[in-house]
Every structure is written in C-alpha cells, then in structure tokens.
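What follows is a set of notes on a single structure, which appears directly below.
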Amino acid sequence: MNISMLLDMAAEGFGDRIVIGRTDDGLTAPRLRELAAGGAGSVRAAEADAIVYLAVNGPALPVALFAAARAGVPLIPVNYRLGEAQLAALLSNHPRALGIADEEHGEALRRAGLAVRSPAEWLKEAAEATASPEDEDPASPPGSPAVLIYTSGTTSTPKGVVLRHHNLVSYVLGTVEFAGAGPEEAALVSVPPYHIAAVSNILTNLYAGRRALCLDQFTPESWLDLVRRQGITNAMVVPTMLARIMDTDGLDRSVPSLRALAYGGARMPVRVIETALRTWPHIDFVNAYGLTETSSTITILGPQEHRTAVASDDPAVRARLGSAGLPVPGVELEVRDAYGAVAAPGETGQIWVRGEQVSGEYAGQGSAVDERGFFHTRDQGRVDADGYLHIEGRADDTIIRGAENIAPAEIEDVLLCHPDVLDAVVVGVPDEEWGQRIEAVVVVRDGAEIDAGELRAQVRGTLRGSKTPERITRWPELPRTPTGKLVRRDIVAALTAETVGRQG
Amino acid sequence: MRPRVGQMLASSVDTTAVIVVRCPDSELDITCGGAAMAEANGPGPAATGTADPDQMGGSLLGKRYADDELGLELLCTKPGQGTLALNGVPLPLKSPKPLPASD
C-alpha cells in the first residue's frame, strides 16, 4: 500500500496517454515512473531523508512526490510565501533533505544547509539518472510517511501533518475509480503545492487517468484562458477564486469544455455559488470539505444536490447550497456536544471524523485521535435531518461576548446576503465590558454605497440584538491567504490598533 | 488465511495481484486460478502453484471484485489470466459507483 502502486497501475493501464501537463509536451504515466525512479536514485545518492519542495506547481512536483515514495522518504511541500524567520524555523526541522526551489527561494534552503536544485534541474537530473537495481521496487512500508504538509497557521503555529502511504492510498481507493476518466479529460488545479488538494489532485487524477495541469499564479483571466486553450473538463478552485471569476467585470466567462468544478478550502458565500450556477448551468458543481489531516476530501455535496437546492422553494432544501454534503465512503463523522456526546440532528457541536484516510498525526507530537480513532477537526457544525453536514466555522473563531458563544459564520452569512457586499468577516475584539465585542469588516462592490446602520439592521432583523456587530468597517479587501483562508488575528489586530489610535 | 485491509495478495499461478480494500474479520480461502493467494512480499512470489484450467477467466487491472454478503472487496493491481475466487466461488466484478471528482 504505497502510492507507487498507484503510479505502477497508471503506467500499466494508460500507455501513451498524457497524464501530466500540456498535450504537446506533457508526461505519460510510464515516463513519470521512469523519472520517479531516476529521482529516487538522486535521493539515495544524496542520503537525503526527505525532499523539500519550495517552488510553484509544475511537473517537478509529481516527479518529486513519486521519487520520494520510491526512495522511502517523505515529500515536504513548503509554503513559499512564509516570512523569512518562519521559513528558517521550519527548514531547521529538515537539515538532511534534498531541496528543490525556484531561483528566488533557493537562498533560504542554502542558508538552512540544504543542497538545492531548481525544478528544471531536478527534472533533468531525474531523466539522466540510471536506475539501480534497488530502484526496482518501492522500499517504503505502507506505514511510512509519504507527505509532510505544514498547516496554514492561520489559527496557530504551523504544524507538520504526517500523511502516511496507507492514508493517501485509502483516500484514492475509497473515492476514485481506476480509469474512470475518458482520454479527453483534463483537470486544472490552481492551489499551490503546499495545499493538500495539490497533492491529492496528483494522485486522484493519475488514478482516474485524467490529465492534470496546474496554474501557478491565479488570475481570473489566466484561469479562463487556460481552461479554454487546454480544453479543461474538470477544475478545482478555492472560493475566493470563484468569487473573482464571477465578480470581475468585462471577462469572457465562456468555458465550453468545462464539465465539473470542485471547490473547497474555505467557506463559499451562497451569493457566489448561486451566481456561478446561473452563469454556468451546464457545469457540475462539487463542494468538497476536508482537511490536510484527513488526506483531503471527507464530505461531498454533489452536482444534483446543487441543482435541486438552487431550484427549491423549501428553505431546508435550499439551505443545502451552504452545506458540505455527505461523508465519502470509508469516513465516519460525528458532531459532538460540549459534553462529548453525539449531538442530535440539527444541534451544533464540534466535528470529529474517523477512517483509514484520516491521519490526525503531527510531526513530533504523534497521533491526535481519541481512543475510538476519531480526529477532532476543530470545525463547528451540525448534521441536518437528512445527514447533510453544515460547517459553522472554526471552533477557535468563536466569539465569547459576555457569557454567550457566538459563531461568526452565521453573522457573516447575513452580511454576505447583501447584493453589494463582496466579502465579510466578523471577529471578536477585546472589550473591557463584554470581554469581546462583535465587529465586522466588509468589502463593498466598487461604486456602491452601503449604510452601516442598514447592514446592522439587517443582522438584527435576521438574528438578534446580541449578535449585531457594534461596528461595521469598510476595507478595500480582507487579508486572506492565497488559498482563501481568512487571517482573523490580523483583522482583530488591525481593528484593535485602530480603536486604540482613535481613542489616543 | 485471515486477510486484513491494505494487504497485498499475489497469485501463485499467474501475474495477478490484488489489494484487500474491505474484509471481514474471519478465516477466508482466497484463490486465483484455483490456487491459494499469498501475501506479496517484495517483487512477488514465483508462480509455483498449479492452475485449474476451469478457473482461468482472468481479472482486469483496476477493477474491484467483491462478495457483498461476506464483506470482502479486492482491487486488482496487476492483471492476469486466473479467476479470483472466495471459498471456491468466483468473485463477481463489482460495478463502480463513481463519486464526482473533488480535487
């Protein structure tokens, strides 16, 4: 149960089909396997204990992933947008790794004592290496780590999530049919290599026999252009990307080849998905909820459920549009209340999951699963009467105003219902009287005027007085990571500084 | 044999190899081409068994073979000529229930 087995099957089954990159110069599965064997030889020759990848997405990434697997070491894709100190701290954990880095990031690796090659040099080295007899068969046992991905660190210090071979293989076998894709299918991934979807995307598309491409710098124009030029049939985006594709004026949004669009990684505003469903009625939309710790997707809201929800007058069915769907095969999910008991349908609690694909393990800290094998996602949510999961934000984001626990998500949803509000965040700002007070920041459509009093009235009318933001500030944009996650602590810091400044 | 999830099994009469995707916690007789399959270690065992000519229907790469009643599911990782069977009964091909691509 090694991810190399998936590549072996693809090499056996797909022959001349291009599986990575553009049709004119991409890689077939047998070629990918040769490069992986060559790369594994380099890892062994360097006596490296890992491959650190600090570059944008490209063919060098899948070659590194499978080379690491054959050599029995983990691949560690690192966030190239980290600050210098954070990056140095992280790299100090991996002094014996083989480094692959873009020109602009090579220096950081060299400073950490790693031997560095560029993605192009890595591919050349893999192509020139002569496979030695020991490269014939994957050496790593199923329990060894295949990938180490550091969490985004939006709510705490980045932690290294260990994904073992059996986690990733279980995920692929549980959710994908071998050779399920037609020879004309092509998938576009727009998330960076250090996002779990970039890693899982390589495995699931390869196993399905679907050609996979990546876009290293997302803009709505370049995404639409690549979809049209490369005949993309399947794509995965984070919500902010879909929002930009839908909200940017003057774009040619025709995508005749596109059949399916998956989204995940952060909350999708209902307004954005409704607009997308109207703009692209022929496309199958898929909402995927998952974490790095769960080897990607654990619940899915499928295409038919999207269409049924948007066409329904029944509020319960319509609310499904904001739901993360049903668990994938092999994943069990529980919502637990404050006492640890399984919550009744409709009742909010914290989400726990169990399954072969769930790692729940952090480097240097061991397993974080409970005695029954369940992993605490730290996400809050509820399961409705029909089993659909509704996510209500991170438990760590909960605002405690007085003695009341308030989930920012439900207030954000109300603000986002306003047609001119493009983005919204609600946070708890330190307050002498209440402990925390509720404040909101909104991004308003260019040229539109919004009255903060009117917005506050909208919240009060939908929810209640104690959930109404005391202040609503307008910003040109919200601080989000490139993968669409809000950096709430920066927002709280800015709002706190503003208040102090104003008073002082 | 008592199979376990994730275990790789190899045929002793041809090139067939499977991975156990789902299995009950019980003693099972899993055969390929009429001969018992064994845990695959390294490059795979030499083909040493004797094939039953009546059990050479073949198995296909990437297909799932399952007995839903007993809860056994095998995924073929290397194809071959032998028929996969459980307790002497050929394992039927499982029709795929594809999920939409999510990443």
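A few remarks follow.
- Between B:A51, B:A85, the distinction of being part of a strand (DSSP E or B) and away from every other protein chain (no Cβ under 14 Å) belongs to B:A85 only.
- Any hit, the range A:348-362, residues being away from chain B (no Cβ under 14 Å), part of a loop (DSSP other than H, G, I, E, B), surrounded by fewer than 20 Cβ atoms within 10 Å (Cβ to Cβ) and at pLDDT below 95: yes
- Number of residues in the range A:258-276 that are of a type in the set (G, A, S) and in contact (Cβ under 8 Å) with a residue 60 or more places away in the chain: the value is 3.
- Test: residue in the range A:404-412 that is touching a Pro at 6+ places or on another chain (Cβ under 8 Å), open to solvent by less than 70 Å² (accessible area, probe 1.4 Å) and either over 30 Å from A:V172 (Cα atoms) or of a type in the set (K, R) (or both): yes
- Entry remark, the range B:57-75: residues being touching a residue at least 40 places away in the same chain (Cβ under 8 Å) and more than 9 Å from every other protein chain (Cβ to nearest Cβ) number 8 in total.
- Matching residues, the range A:275-331, being within 14 Å of chain B (Cβ to nearest Cβ) and among the polar types (S, T, N, Q): A:N287, A:T292, A:T294, A:S295, A:S296, A:T297, A:T299, A:Q304
- Residue ranges of helices (runs of 4 or more DSSP H) in the range A:56-136 with at least 1 members farther than 21 Å from A:G38 by Cα and under 21 Å from the mean Cα position of the chain (by Cα): A:84-91
- All conditions but one from (1) open to solvent by 10 Å² or more (accessible area, probe 1.4 Å); (2) over 19 Å from the mean Cα position of the chain (by Cα); (3) within 14 Å of another protein chain (Cβ to nearest Cβ) apply to A:A186; the one that does not is (1).
- Residue match in the range A:207-219 (condition: out of contact with any Leu (no Cβ under 8 Å at 6 or more places or on another chain), modelled with pLDDT of 95 or more and more than 14 Å from chain B (Cβ to nearest Cβ)): yes
- The strands (runs of 3 or more DSSP E) found entirely in the range A:391-501 that carry 1 or more residues being in contact (Cβ under 8 Å) with a residue 60 or more places away in the chain are A:399-401, A:404-406, A:421-431.
- For the range A:233-249, filtered to residues that are farther than 18 Å from A:G290 by Cβ and buried (at least 22 other Cβ atoms within 10 Å of the Cβ), the residue that is nearest to the chain's Cα centre (by Cα) is A:A243.
- The range A:317-346, subset charged (D, E, K, R) and in a helix (DSSP H, G or I), residue most open to solvent (accessible area, probe 1.4 Å): A:R318
The values are calculated or read from the model by the stated rules, or taken from the named source; none is laboratory data. Note that the structure is a prediction, hence the values are computed from the model and not measured. Backbone-built Cβ (ideal geometry, glycine too); neighbour counts: all protein chains shown. Areas reflect the complete protein model, heavy atoms only, side chains present, ligands, DNA and RNA absent. Shrake-Rupley method; radii C 1.70, N 1.55, O 1.52, S 1.80 Å.
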